[in-house]
Structures are given as C-alpha cells and as structure tokens.
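Presented below is the structure to which this report refers.
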Amino acid sequence: NEKNVYKAKAEQLDKIREIEESINTIDKKYFKYEPEYKKHILNINVKFETGSHNIQDIDSKSQDDLLNAGESIKKFISNVEDTLDIKYLVIIEGQASNYGSETFNFELSYRRALSLIKFWQQNNIDLFSMERCELIISGSGIKGVPRDTKEERNNQRFLVHIIPKPGKI
C-alpha cells in the first residue's frame, strides 16, 4: 500500500534526523563541527615539541583539556538513549608538522594518537570498553585534514572524529 510506504519512509527519515541530532549534543567546548570536512573535531590546540609524541611534553592546561574532552566523549556515548540503535566510530587521529621524512611523520602522528589513548586509560577513560564505541587509533602524518597552512607548527595535534553508526533504520 502506497500510504504505508510513505509512512515507513517518513519514519526512516525521522530516525536519520534523530541520529544526526544526537551528535550535536557533544560538548561544544571541546568539539566543533567542520562542515567542509563533514566531521566533528577536537577543539583543543595541542602543541607537541617537534618530533615528540610524549603527552608529558605538552602544557598542563592542554593535558587537563584533553582529559575533559575524553570524559566528554565517554559521557556523550554513555548518555545515548537506548531507543537509538546507534554506535559511534571514534577515530583518534594524530597529526604532525612537516618535519623529517614522510614515513617518520606517519609513525609520529600514530604514536601521538596512541599516547592520547594511553593517557585517557591511565585516567579511567577507557573508550575501548564501551559497548557503543568502536575506537580507531590513526596517524595521518602531514596528509590529514584539516591542516593549518599558515602555521605548520599548529599541525602537531590531535583530531578526534565522532561518527554515528546507525543500526537498522
């Protein structure tokens, strides 16, 4: 029946909108949506020393902000309504400034992302153990987007992508 098809499509559209709106409840103090790249990204300007992946090398305010951002992700995923059949793909991406070889920058950026995950785990933020979270650690070297083209040092940072993975719609 044509009326039932329209009703089903309207219900699917409502579900898609509900999922899209759920991600908008993430704490805007720590995350911002970049429409050009179609992703939420970490809004903390972390600067490593050139060539370093050690979290202890960044300033204490940035460390505190990173802990708060991790708690924010944990809280966001924990508070997703049970009625939403949804999981989230969380990608912790390290970046590097253009320093050394391309291979070195890829490895360095991955180690930065891994150091953030370990830092969170040491502080009781374990995204791996969350049922609704699939966590990926990555490094984009000097190839990831967005990139700061004016100040290369600003690319020694993390990007955190939070992508909804809907179940059956």
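Structure data summary
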quantity	calculated
Solvent-accessible heavy-atom area per residue, rounded to whole Å², over the stretch 74-139 at 1.4 Å	52
Derived scalar couplings ³J(HN,Hα) [the stretch 139-155; Karplus, 6.51 cos²θ - 1.76 cosθ + 1.60; whole Hz; x for Gly, Pro]	x, 9, x, 9, 9, x, 10, x, 10, 8, 8, 8, 10, 4, 4, 5, 8
Top positive-direction residue, dipole computed over the chain with Cβ charges, set 58, 117, 105	105
Cleavage-rule hits, GluC sites (Glu not before Pro), the stretch 33-81, DSSP coil, Cβ neighbours within 10 Å at most 14	36, 49, 81
Too-long pairs where the Cα-Cα distance tops 19 Å, listed order kept, from 38/75; 118/165; 9/32; 15/165; 38/61	38/75; 118/165; 9/32; 38/61
Viscosity 1.306 mPa s, 10 °C: Kirkwood-radius Stokes-Einstein D of the chain over Cα pairs, µm²/s	93
In sequence order, calculated HN-Hα J values of the stretch 96-112 (Karplus, 6.51, -1.76, 1.60; Hz; x Gly/Pro)	9, 7, 6, 9, x, 7, 4, 4, 4, 5, 5, 5, 4, 5, 5, 4, 5
Cleavage-rule hits (GluC sites (Glu not before Pro)) in the stretch 96-157: DSSP loop, at most 16 neighbouring Cβ within 10 angstrom	131, 151
Label-reachable residues, the stretch 57-72, where backbone N falls under 11 Å from a point 7 Å from residue 123's Cα toward its Cβ	60-72
Residue-averaged [θ]222 nm for the chain, counting only DSSP H segments that reach four residues, each worth -39500 (n - 2.57)	-12500 deg cm²/dmol
Residues with amide H under 5 Å from that of residue 133, placed H, sequence gap 5 or more	88
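The values are calculated or read from the model by the stated rules, or taken from the named source; none is laboratory data. Just so it is clear, the model here is predicted, and its values are computed rather than measured. Note that we place each Cβ from the backbone using ideal geometry, even for glycine, and neighbour counts take in every protein chain shown. Areas reflect the complete protein model, heavy atoms only, side chains present, ligands, DNA and RNA absent. Shrake-Rupley method; radii C 1.70, N 1.55, O 1.52, S 1.80 Å.
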